[in-house]
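A short write-up of the structure that comes next.
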Amino acid sequence: MKSDTPSLEALLYQAMKRGILPITSLCIANCAFCSNRYNPPSCEVLDIGRRSLEEIKDSLPWLQAAPGPIVIGESITRINEGEPLSHPDFMEIVRLVREAYPDRDIKVTTNGMLLTSEMVDFLSDARVGLTVSLNSVSKRQVVMGDRDPEKTLAAIASLRGKVEFDGSIVALPFLTGYPDIERSVRFLKDSGATTVRLLLPGFSSRHPLYKAMPKDTWDRVREMATGLASRVKIPVLADPPELMDLDARVEFVLPNSPAARAGLLAGDHIVKVAGKDVFSRKDAFQRVYERENPVVTVFREGLIEFRVSKKRGASPGFITYEDLDPVEYLNWERASGVSKGRDAVVLTSRPAKKLIEAALKRRGLEARVVTVRSYFFGGNIQVAGLLTVRDFLAAYRRAFRGGDKPYSVTLPARAFDNWGRDLEGVHFRAFSQETGVPVILAG
């Protein structure tokens, strides 16, 4: 049961309500890991071409209600994001955004190929932060189709001391070798990157690299990220991480930050903030972020208290992986009936399963948590946002063949757009119509 596709204007409005400003779908790279050309035919991903300056200007008020930074060029919606610096009006777009939102952070994702000294100076003056998709320092031509990698690397190196930026690397050691990943991280650090994310590649069964990737790649890259962080002295984070619990472990403490001055160390486990137990990593970070001069209790061979001297709403300067939001989780407990002992079922991705089980254990509750495999994409795709109704139905039928129907089934909200549609345009209500079980969206 496919639902009507929302209009382009509606999709753009919903993206911008979340702080995402799409400006172009035109890409100037030829990345070996790109998934777009290998999507199933029924996959709804929208190409917007290049939006006009006038259209973008008229839509800027849609960003007003968005929390956090204004993000340009990041592929986190169903709109294909191209290289933002390729837009002929990029500088004017940034000027308009800065004029409309003088106090908001602006973050642009770029592959670096179009960075010039003029562009670097402009970004510095406009107080724009970057996410630089480096991916490889020695094999950018192979990995990204960069025709002049030395020029690109020189431009990225020129960011140091001028533009704040984070780096990202799609880890492809079977193409580049593991030494290239370390060299790439070190290059980003030397160029001034604040953090580096090693993105673990996910390929559909249609992608030619799926069969080329050794099965231990994710495990080895995660292990490598931990070792690199200790050697290069900046946060190097594997994404997605392998999280088995909700313990609020500090992964890294930024030098000269409030957390560093207070005495927090990587490896500390935050157990209380302002005297109250924390629920998860996300809960711990958010509580410290929101408070002025909070007292943080950590476990480090015993309990130790630190006062983190900072303003309300300022970053504490420690980094944790993101896990469960306590408010969303507690709302789900009530809606699903699990808090009243109802027979609740959760269908979710493999990475989320352990976290949900850990939350239930912490709360002394029980529910059946079932891992959902991606049949739509196949391959090693695991994230919840790429699962579809057909995947959820297959997992449900496999787990509950001939058994009693549960009180409710929870599906991950991130698998559906604002209209309740999955990547094939099928509404989540189709699950209830097929199974006769009420559906709850959460997370």
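Throughout, read-outs are computed from the coordinates displayed, never taken from laboratory work. No experiment lies behind these values; they were computed from the predicted model shown. So basically every Cβ, Gly included, is an ideal-geometry build from the backbone, and we count neighbours across all protein chains shown.
Computed about its Cα centre, the charge dipole of the chain is approximately 1120 debye, with only Lys, Arg, Asp and Glu carrying charge at their Cβ. Return the percentage of antiparallel bridges among DSSP beta bridges fully within the stretch 326-442, rounded to the nearest 5 %. Just about 10 percent of them are antiparallel. Alpha carbon centre of the stretch 97-152 versus the stretch 1-31: separation in Å? Comparing the Cα centres of the stretch 97-152 and the stretch 1-31, I get a distance of 21 Å.
Rg ratio for the stretch 326-442: its Cα radius of gyration over 2.2 N^0.38 Å, N being its residue count, equals 0.99. With the Cα gyration tensor of the stretch 276-319 in hand, give its eigenvalues times 5 under a square root as the equivalent ellipsoid semi-axes, listed largest first in whole angstrom. The answer is 17, 12, 9 Å, longest axis first. In the stretch 8-239, what percentage of the DSSP-assigned beta bridges are antiparallel, given to the nearest 5? Roughly 5 percent of the beta bridges in the stretch 8-239 run antiparallel, per DSSP. As a length-normalised measure over Cα pairs under 8 Å and 6 or more apart, the relative contact order of the stretch 395-442 settles at 43 percent. Just in the stretch 255-346: which GluC sites (Glu not before Pro) are loop by DSSP and have at most 15 other Cβ atoms within 10 Å? Those satisfying the criteria are Glu292, Glu301, Glu322. Who wins for biggest fluctuation among Gly112, Gly313, Gly378 in a Gaussian network model of the chain, springs between alpha carbons below 10 Å? Between Gly112, Gly313, Gly378, it is Gly313 that shows the largest mean-square fluctuation. D for the stretch 376-437, whole µm²/s, Stokes-Einstein with Kirkwood Rh over alpha-carbon pairs at 37 °C and 0.692 mPa s: what number? Diffusion coefficient, whole number: 268 µm²/s.
Exactly which trypsin sites (Lys or Arg not before Pro) in the stretch 363-417 are in a DSSP loop and have at most 11 other Cβ atoms within 10 Å? Loop-located and lightly packed - Arg401. Loop-located trypsin sites (Lys or Arg not before Pro) in the stretch 237-314 (DSSP state not H, G, I, E or B) with no more than 15 neighbouring Cβ atoms inside 10 Å: Arg300, Lys311, Arg312. Of the beta bridges in the chain, as assigned by DSSP with both residues counted there, near 35 percent are antiparallel. Shown here are the Rg and Dmax of the Cα trace of the stretch 8-239, at 17.7, 49 Å. Taken over the alpha carbons of the stretch 212-318 as equal point scatterers, the Debye sum produces base-10 log I(q)/I(0) values at 0.14, 0.16, 0.19 Å⁻¹ of -0.58, -0.73, -0.96. Charged side chains reduced to their Cβ positions (Lys and Arg at +1, Asp and Glu at -1) give the stretch 248-319 a dipole of some 220 debye around its Cα centre.
With volume of the Cα convex hull per residue in Å³ in mind, check [x] 200; [y] 150; [z] 297 and report the label derived from this structure. From the options [x] 200; [y] 150; [z] 297, the structure gives [y]. Using C-alpha pairs under 8 Å with a sequence gap of at least 6, the mean separation divided by the residue count of the stretch 326-442 gives a relative contact order of 27 percent.
Annotation: cysteines of the chain without a disulfide-compatible partner (Cβ-Cβ under 4.7 angstrom) are Cys27, Cys43.
Each Cα pair under 8 Å and six or more residues apart adds its sequence gap; the mean of these over the residue count of the stretch 78-167 is a relative contact order of 30 percent.
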